[in-house]
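These notes concern the structure reproduced below.
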Amino acid sequence: LRLSRRWCRGIVATSPELCEDLKLNFEIPSEWIQVVHRGLSVAEPSTPRKSDLASKVAIVGTSGRLTPTGGYSTFLNAARRVLDAGVDAEFVIVGQGEDEGELRRRADRLKIADRVTFAGDAAVGLSFWKILDVYCQPSTVPTVGRNLARALAHGLPAVASDIEGLRSIVTHQETGLCVPPGDTNA
């Protein structure tokens, strides 16, 4: 279990047994865990104080089908460069697909696995958009860019590959940045 104690606000356990297991085997503090049985919603946390925002770790996310043409290896390489530049950030990849295992291995090789969270498709909900500070769409082939449009609709700044489909959604240097596909430095 990889858990960033810098930005985790809490953990939802679906049973009291799971709650106890998290406390005993993973040494998760009791106050971080809330037991919520399946099918019930959790109240949103209160608005953060300004002092909390000053020390906030940046959250950069992406989502989509995890395939070689999705550009997620570029996303991970760029994440390494962001961390090397001294930016305190966490990265979230939401999606499933045949490239997931390779992407997890790449995160390990880049020594950023503790800063990268992989989540299934179901994670693309309202709370996903609320935790992000920046959304990236690193595709290497033309795409409709549905999740990019969602990110912009939620007011998130975006970085997108300069490819057909995406360039019609992002206005370069206004609503986001368009970068050459596969260019980690950009």
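The values are calculated or read from the model by the stated rules, or taken from the named source; none is laboratory data. Here the structure is a predicted model, which is why all the values come from computation and not from measurement. Every residue, glycine as well, gets a Cβ built from its backbone with ideal geometry; the counts of neighbours run over all protein chains shown. The accessibility values were calculated without ligands, DNA or RNA, using every heavy atom of the protein model including side chains. Shrake-Rupley method; radii C 1.70, N 1.55, O 1.52, S 1.80 Å.
Below, the figures for the structure above:
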| quantity | calculated |
| --- | --- |
| Environment charge at Ala160 (Cβ cut-off 15 Å; Lys +1, Arg +1, Asp -1, Glu -1) | -1 |
| Potential lengthening between Asp114 and Thr175 on full extension [0.36 nm per residue; Cα-Cα distance subtracted] | 19.0 nm |
| Accessible area in the full protein assembly, largest first, 1.4 Å probe, for Asp162, Asp114 | Asp114, Asp162 |
| Formal net charge of residues neighbouring Arg109 (Cβ-Cβ distance under 11 Å; K, R +1; D, E -1) | +3 |
| For the stretch 60-118, size of Cβ-based charge dipole, Lys and Arg +1, Asp and Glu -1, in debye | 140 debye |
| For Pro181, net neighbour charge (Lys/Arg +1, Asp/Glu -1) across residues whose Cβ lies under 15 Å away | -2 |
